[in-house]
Amino acid sequence: MHPAPNQNNVLGSDNDHMLSSVYENVSSEFHQINELISSQISSRAELVETIGKYITEAGGKRLRPLLVLLTSKALNYEGKKHVKLATVIEFLHTATLLHDDVVDDSSLRRGKITANSKWSNAASVLVGDFLYSRAFELMVDIGSLPIMGVLSRATNIIAEGEVLQLSNLGNLNLSEEKYREIIRCKTALLFEAATHAAALLSKPDETEKPLLDDLRKFGLHFGVAYQLIDDWLDYAGDSATMGKNTGDDLAEGKMTLPLILALQNATERERACLSNAIKNRSASEATRVVEIVNHSGALELTRKSAMEEIQRARDTLRHVEPSIHKRHLEILTEYSLKRLS
């Protein structure tokens with residue numbers, strides 16, 4: 001029912017094609033994930049199933065469940081619970097997207113009408129709650145208290161990250177350090193939870209803690225880089241590629257790293273322009289804001305920060321035994337680098 005994420009609806013750009021072999025290597029597991037998703041969004045409430053199918057079939061690369069599969073296979077896991085774990089991660093991610101779009105009053109995601117715009121905010125929130133509950137049911141089926149601990153803590157911290165971001169909308173004094181904490185909580189934690197939980201599933205032995213910690217850090221650094229690259233693309237990228245209009249974050253009052261750095265390095269006149277745009281939450285000055293951000297050197301600094309996080313992610317793999325699956329984790333970091341080119 002759900003197309004595997006290595007098909008044309010996902011791998012549409014030249015950069016994306018480098019991921020083809022990665023997805024092909026776990027294609028059978030992804031088909032199992034798709035079947036499990038389909039069965040788990042079944043509900044007596046017809047709207048739950050309708051919205052569930054709409055959002056889960058919306059496309060996307062499903063990088064978080066992919067990380068679960070690759071991590072477990074890189075550690076020679078031979079069971080079947082990694083499919084359930086990957087589905088849990090996908091459900092948690094999808095639930096956060098539904099809630100995010102309501103909070104942000106978003107009308108488009110990946111170039112498609114959001115569920116809250118197509119149905120209602122209330123329906124989106126409730127279906128998001130349904131997916132959270134389904135995810136925790138699957139966690140019980142997996143039967144690992146350490147994994148449940150990782151995932152329950154992650155969902156709690158992600159919620160805190162959302163609140164931190166909300167409370168800092170339009171905050172002209174937001175520091176880079178505070179912003180990094182927000183994206184660590186809001187975005188990177190689920191990547192970290194994906195690799196950490198997969199490692200725990202594969203290597204439950206206490207003696208493997210250093211290796212587990214390395215793979216946990218891989219997800220964390222990969223996730224931070226992923227968000228920083230999105231920040232960079234919002235000012236340097238193609239809006240068609242992003243599936244969103246450049247300057248959407250500005251219109252929502254969100255402070256991202258390029259904007260934070262631009263405020264620090266801008267002239268007095270440029271800072272006044274940026275301040276007005278942020279305070280008014282207006283995209284009408286987006287073109288001028290993009291010019292100022294580019295002129296300030298903020299984009300290059302953001303790009304450098306993302307590259308440093310990617311290198312940190314690559315460094316964490318040094319103790320993982322060589323295999324095609326480890327190589328595919330490395331390819332994901334190379335793919336991230338190409339997004340910056």
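The values are calculated or read from the model by the stated rules, or taken from the named source; none is laboratory data. Only a predicted model underlies this, so the values are computations on that prediction, with no experimental measurement involved. Don't worry about glycine lacking a Cβ; one is built from the backbone with ideal geometry, like all the others, and counts go over all protein chains shown.
Observations on the model:
- Restricting segment 193-215 to residues that are over 22 Å from residue 156 (Cα atoms) and in a helix (DSSP H, G or I), the residue that is nearest to the chain's Cα centre (by Cα): 214
- Qualifying residues in segment 60-79 (those that are touching a residue at least 24 places away in the same chain (Cβ under 8 Å), of a type in the set (D, E, K, R) and part of a loop (DSSP other than H, G, I, E, B)) - the one nearest to residue 99 (Cα to Cα): 62
- In segment 47-59, the condition of being among the aromatic types (Phe, Trp, Tyr) and in a helix (DSSP H, G or I) is met by at least one residue.
- Annotation note: Cβ proximity below 6 Å between a residue of segment 312-330 that is under 15 Å from residue 195 (Cα atoms) and touching a residue at least 60 places away in the same chain (Cβ under 8 Å) and a residue that is part of a helix (DSSP H, G or I) and of a type in the set (Ser, Thr, Tyr) (sequence gap 6+ or interchain) occurs for 313/333.
- Candidates 43, 117, filtered to the one that is outside any helix (DSSP H, G or I) and either free of Cβ contacts under 8 Å to residues at least 40 places away in the same chain or surrounded by fewer than 17 Cβ atoms within 10 Å (Cβ to Cβ) (or both): 43
- Residue within segment 300-307 that is in a helix (DSSP H, G or I), under 30 Å from residue 27 (Cβ atoms), in contact with a Phe, Trp or Tyr (Cβ under 9 Å, 6 or more places away or on another chain) and in contact (Cβ under 8 Å) with a residue 40 or more places away in the chain present: yes
- Of all residues in segment 1-25 being within 20 Å of the chain's Cα centre (by Cα), of a type outside the set (S, T, N, Q) and at pLDDT 60 or above, the one that is surrounded by the fewest Cβ atoms within 10 Å (Cβ to Cβ): 17
- Each residue in segment 278-288 was checked for being under 22 Å from residue 183 (Cα atoms) and either in a helix (DSSP H, G or I) or among the β-branched types (Val, Ile, Thr) (or both), and 2 of them qualify.
- Filter pass, residue 56 being among the β-branched types (Val, Ile, Thr), in contact with an Asp or Glu (Cβ under 8 Å, 6 or more places away or on another chain), touching a residue at least 40 places away in the same chain (Cβ under 8 Å) and crowded, with 21+ Cβ neighbours inside 10 Å: yes
A quick yes/no check of all residues on (1) crowded, with 17+ Cβ neighbours inside 10 Å; (2) more than 26 Å from residue 75 (Cα to Cα); (3) free of Cβ contacts under 8 Å to residues at least 40 places away in the same chain; (4) of a type in the set (S, T, N, Q):
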| site | (1), (2), (3), (4) |
| --- | --- |
| 165 | yes, yes, no, yes |
| 174 | yes, yes, no, no |
| 180 | yes, yes, no, no |
| 188 | yes, no, yes, no |
| 198 | yes, no, no, no |
| 203 | yes, no, no, no |
| 209 | no, no, yes, no |
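- Residue under evaluation residue 233, criteria (1) at pLDDT 90 or above; (2) within 30 Å of residue 297 (Cβ to Cβ); (3) part of a helix (DSSP H, G or I), criterion not met: (1)
- Being assigned to a helix (DSSP H, G or I), under 30 Å from residue 51 (Cα atoms), free of Cβ contacts under 8 Å to residues at least 24 places away in the same chain and in contact with a helix residue (DSSP H, G or I) (Cβ under 6 Å, 6 or more places away or on another chain) is a property that holds for residue 148.
- Taken across segment 289-306, residues that are of a type in the set (S, T, N, Q) and within 18 Å of the chain's Cα centre (by Cα) do occur, with at least one present.
- Single residue of 29, 35 found to be in contact (Cβ under 8 Å) with a residue 24 or more places away in the chain, part of a helix (DSSP H, G or I), of a type in the set (Asp, Glu) and buried (at least 17 other Cβ atoms within 10 Å of the Cβ): 29
- Just so you know, in segment 304-325 the residues that are among the basic types (Lys, Arg) and modelled with pLDDT of 95 or more include one that is surrounded by the fewest Cβ atoms within 10 Å (Cβ to Cβ), and it is 304.
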